Structures are given as structure tokens and as C-alpha cells.
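The next block holds one structure in the form of C-alpha cells; read it before the comments.
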Amino acid sequence: MGKREGKRGKRRRIPERTCVACRRKAPKGMLVRIVRTPEGEIVVDERGKRNGRGAYLCRNRSCWERAIERGSLARALRTALTAEQAEALLAYAASLPASADEPAAGLQESGRRTQDE
């Protein structure tokens, strides 16, 4: 009869994040994190564990293009994106589906739940 007994039946809370492009909320694992590292690099953080200031985007190309064009990604990261950084992010976005309904090009089904489920 310890303290743990009361927690047995409770569901675990799933953290939610907001896409900086479309402002849609989704579970953290369904979004991609982009990080400005302490060294000033802009990197895609698939695991969500890198140190630095992060921003989240949906896993579809349209959100990535919108975030880069409108400057919402740069604003969220509190930095200006260079042309090379924007180009590298768009190259990553090219592997993503154009919209949330289309499967990603070259990627297999991962078994994860989609946003629609």
C-alpha cells in the first residue's frame, strides 16, 4: 500500500505543441522540431531532444514553405534565417507530403497515429 497505488489507473498526459505556420495544435511526436542551437545553427531535430530554442512545424510541406516565406519560423526561433538555412530546410521539406492527407515521398508507414485519428 504505497504512494504509487493511486496512480495506477490514470492515463498519461501527452504534451501538445503548436505549429508555427498553421497554428494547429498536435501531440508533440506528430510535429517536427527545428532548433536554433547555442552556436547559432538551425537544425531539424527529429527526436526533439537537442539543446537550444525550438519551434514546431507540421509534417507537411505546405506548413514548412509558409513558415519560411512568412517569417514565422525565424520569429519563433528569434533569429534571421540565411538563404542557405532556408534552402536546407526547404530541401528537408521536399521529403514531406504536400498536405496532411498525402503520404510522405520515400518514407514508409511508421505505425504512428496520424492527426486525423
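Computed quantities for the displayed model
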{"read-out": "Cβ-Cβ FRET estimate between K49 and I14, R0 fixed at 25 Å, reported to 0.05", "value": "0.90"}
{"read-out": "Peptides ranked, highest mean first, by Cβ atoms within 10 Å: ranges 85-92, 18-25, 62-69", "value": "62-69, 18-25, 85-92"}
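Computed from the coordinates by the stated procedures, all read-outs in this text should not be read as laboratory data. Treat the numbers as computed from the prediction; the structure is a model and nothing was measured. FYI the Cβ positions are ideal-geometry reconstructions off the backbone, even for glycines, and counts take in every protein chain you see.
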